[in-house]
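The values are calculated or read from the model by the stated rules, or taken from the named source; none is laboratory data. These figures come from a predicted structure and were not determined experimentally. Note that each Cβ is placed from the backbone with ideal geometry, even for glycine, and that neighbours are counted across all protein chains shown. Each accessible area value is taken on the protein alone, full model and side chains, heavy atoms only, with ligands, DNA and RNA left out. Shrake-Rupley method; radii C 1.70, N 1.55, O 1.52, S 1.80 Å.
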Amino acid sequence: KWYVAARRSEKETVKSLLNILREHGHQITYDWTELEKIEPYEQNMKICKNIAYDISLAVKDTDVFVLISDAAGTDMFVELGIAIYASLNKKKIQIYVVGNHNKRSLMHLHPSIIHKQTLGEVLIEEGIAIPKEKLKAHE
């Protein structure tokens, strides 16, 4: 079971990765790329509360957590915190932080995190063989 956290600007990259994972028989604990725009959040509080709760449970229930790093962002770091907390509480979660900013904060250096430069490297590490042309798209 996989969860992929990223900034909304990476939505298409995440969608592509989730499709690859599904094609290989993996389950996605929550696909946030399918959400409608809910900003401004304070005007959609009931919906946001439900989504936040569902995402929290999905991250806690995942086996592989991937964070696509960025120089900015907020929610994805909360999701990372939930994954780290879950991993400390005896839940085996493989946690990856991927990309050029994969060591940009103190918590990115938590010992339960594996750093990779590309999503393709994560797929290889997890034993998911995909054609080289698809792998190229995730470098």
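Assorted remarks:
- Candidate set from segment 46-56 (those that are open to solvent by less than 100 Å² (accessible area, probe 1.4 Å) and not polar (S, T, N, Q)); member that is farthest from the chain's Cα centre (by Cα): ILE47
- When residues of segment 59-94 are limited to those that are among the polar types (S, T, N, Q) and touching a residue at least 12 places away in the same chain (Cβ under 8 Å), the one most open to solvent (accessible area, probe 1.4 Å): GLN94
- Every condition in (1) modelled with pLDDT of 95 or more; (2) open to solvent by 10 Å² or more (accessible area, probe 1.4 Å) is met by VAL97 except one, and the failing one is (2).
- Inter-residue pairs, beta-carbon under 7 Å, first closer than 12 Å to ILE128 by Cβ and aromatic (Phe, Trp, Tyr) and in segment 1-30, second open to solvent by 30 Å² or more (accessible area, probe 1.4 Å) and at pLDDT below 95, 6+ apart: none
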